[in-house]
Ligand code: GUN
């Protein structure tokens, strides 16, 4: 039976450390970390996510700004809002919740955020630094960074490990691939066009699944003793949250596994908070 990786407990620990760093920053530099979260429209999941992010920021002692803009907001209005936050010295991290309405170009919005305030790590400047493994401070996408924190907490050896990531999204698969390569893992990224998926999965020491499909990964896909990280959040017909992994079966084969809910999700928010304080500290360097 696999060890269940308690993302909620680990996130709580990380948040405690973050709160201590906030206190220290306030007393030593008079600096209060500021996080601005922008939501455009009223996608129900996004409304909940952004509310949770803003609430957590307040709880940890940040300045927390939540801007709720109507779905009819023009691209230019959103860009103007971002420019104002770019110039606001009390704000260190800016997050524009995705998905955006169809009439707004996501790339334009991401590129409008000052790279040093890009708390999501989506700006091409920061993506470039990640891929070149730059020897300097830069923000990284929060879900992948949180996954690395979990793997480090497990003391999973990454150097030379065979890691298979299923899903090549800009939010998870691609940045996680880069983070793991920077840690000297051998990384295979599977996606819709991949062949021989089962072969790659079966040889993996670590599997990360981010496809948005319940029961995508089953026990016979997994090498005994592998670590399985489930990034999926799917709602079943009866309203339950499930991941992408067939948990009951896979947990019999894996050495460690993340649950859904209570695995990767809480780590993403805790990492967002951690990274906001990073940005505040780096702004002070
Ligand atoms: N929507 C779902 N996940 C994320 C995220 O990590 N950042 C942003 N900005 N939007 C999201």
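Every read-out reported here was derived from the displayed coordinates using simple, explicitly stated rules and does not represent laboratory data. Source: prediction; values computed, not measured. Counting neighbours? That spans all protein chains shown, and the Cβs are built from the backbone with ideal geometry, glycine included.
For the pair region 123-142 / region 64-82, the C-alpha centres are spaced 26 Å from each other.
Against the main long axis of the alpha-carbon atoms of the chain, helix 142-153 sits at an angle near 50°.
When each of the peptides 45-53, 219-227 is scored by how many other beta carbons lie within 10 Å of its residues on average, the order from highest to lowest is 219-227, 45-53. Show log10 I(q)/I(0) for region 148-285 at q = 0.11, 0.18 Å⁻¹, two decimals, from a solvent-free Debye sum over equal Cα scatterers. Each listed q maps to, in turn, -0.40, -1.03. From most to least packed by mean Cβ count within 10 Å, the peptides 87-93, 164-170 give 164-170, 87-93.
State, as an integer percentage, the relative contact order of the chain based on alpha-carbon contacts under 8 Å between residues 6 or more apart.
Rounded, it is 22 percent for the chain.
Ranked by how many other Cβ atoms sit within 10 Å of their own Cβ, fewest first, the residues 216, 122 fall in the order 216, 122. Its alpha carbons give the chain an Rg and a Dmax of 19.0, 56 Å.
Please work out whether region 109-216 counts as rounded, prolate or oblate from its C-alpha gyration tensor, where a ≥ b ≥ c are the square roots of the eigenvalues and a/c under 1.5 means rounded, while otherwise a/b larger than b/c means prolate and anything else oblate? Before the final figure, lay out each step's value.
Numbers: a/c = 2.10, a/b = 1.51, b/c = 1.39.
In terms of gyration-tensor shape, prolate.
Calculated mean residue ellipticity at 222 nm for the chain: -13000 deg cm²/dmol, from DSSP H runs with n ≥ 4 weighted as -39500 (n - 2.57), summed, divided by the residue count and rounded to 500. Between the helical axis of 264-283 and the longest alpha-carbon principal axis of the chain there is an angle of about 40 degrees. Cβ crowding within 10 Å, taken as a proxy for footprinting-reagent exposure, orders 186, 143 from fewest neighbours to most as 186, 143.
Once you have a ≥ b ≥ c as the square roots of the Cα gyration tensor eigenvalues for region 1-142, tell me rounded if a/c is under 1.5, and otherwise prolate or oblate according to whether a/b is larger than b/c. Because its axes are fairly even, with a/c under 1.5, region 1-142 counts as rounded.
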